[in-house]
1. Region 93-145 to region 61-92: how many Å between their Cα centroids?
2. What do you reckon, how do Phe17, Phe9 stack up by accessible area (1.4 Å probe), largest on top?
3. Can you give me the % of accessible surface on the chain that is carbon or sulfur? Probe 1.4 Å, all protein chains present, nothing else counted.
4. Give me the extension gain from Met1 to Gln132: residue separation times 0.36 nm, minus the current Cα-Cα distance, reported in nm with one decimal.
5. Taking θ = phi - 60°, what integer Hz values does the Karplus form 6.51 cos²θ - 1.76 cosθ + 1.60 yield along region 132-146, in sequence order, with x for Gly and Pro?
6. Treat every Asp and Glu Cβ in the chain as -1 and every Lys and Arg Cβ as +1, leave all other atoms uncharged, and give the resulting dipole magnitude about the Cα centre to the nearest 20 debye.
7. Under 10 Å, Cα contacts only: if you run a Gaussian network model on the chain, which one of Phe108, Phe139, Phe78 comes out with the highest mean-square fluctuation?
8. Heavy atoms only, 1.4 Å probe, whole protein assembly: order Tyr83, Tyr149 by accessible area, highest first.
Amino acid sequence: MNNFKEMNFDDFNTSPFSKIGKEWMLITAGTKERINTMTASWGALGVMWGKNVAFTFIRPQRYTKKFVDNNETFSLCFFPEEYKKVLSYLGSVSGKDEDKISKTNLTFDFIDNTPYFNEASLVLVCKKLYVQNLNPECFVLPELDNKWYENKDYHTMYVSEIQKIYSK
């Protein structure tokens, strides 16, 4: 991991509201043979079951979901502001239809068999612990279901242990 330094969890002092909601992230999974990535702006970081965890959400039609489902680990990569246009592109084009990563200037590598992007400023290596589809019957506020799931394409929620944090 060129230019990356493994970070102690106690030194991780960043706002998940800014990192996830405003700066966005790439969810990346796969093997040395093939990877895929997608942009996400929904998620959470916290503590559950005595572990530091990330909550990620992927809709069923997203091609990256297959890669996350078929692998034990994935990465969450955060980028400097100048990559926002690239993140927008990677969130709007499917890797099923084209090799979208090759159409960017991003380069990927692997740490512990988990793909990540060299251009990221922050990388979280995550191991899946729990997977569940969101259930429409569980909405306390039905207007959220109506607003965000017009097509009834409910996200799958992944609770994953953050195994390592790397920053530049």
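The values are calculated or read from the model by the stated rules, or taken from the named source; none is laboratory data. Computed from a predicted structure; not experimentally measured. For neighbour counting, all protein chains shown are included, and Cβ atoms are generated from backbone atoms with ideal geometry for every residue, glycine included. Heads up: the accessible areas ignore ligands, DNA and RNA and are worked out on the full protein's heavy atoms, side chains in. Shrake-Rupley method; radii C 1.70, N 1.55, O 1.52, S 1.80 Å.
1. What the calculation gives is 4 Å, centre to centre.
2. On the way: Phe17 170, Phe9 70 Å².
I get Phe17, Phe9, largest accessible area first.
3. Numbers: 4500 of 9300 Å².
Summing carbon and sulfur atoms, their accessible area is 48 percent of the total for the chain.
4. Numbers: separation 131, 0.36 × 131 = 47.16 nm, distance 3.19 nm.
The span from Met1 to Gln132 would gain 44.0 nm if fully extended.
5. These are the phi-based 3J(HN,Hα) values: 8, 7, 5, 10, x, 5, 8, 5, 6, 10, x, 5, 5, 4, 5 Hz.
6. Working: 21 positive and 21 negative charges, 37 e Å.
For the chain, the charge dipole is close to 180 debye.
7. Answer for the Gaussian network model of the chain: Phe139.
8. Working: Tyr83 55, Tyr149 5 Å².
The most accessible residue leads, giving Tyr83, Tyr149.
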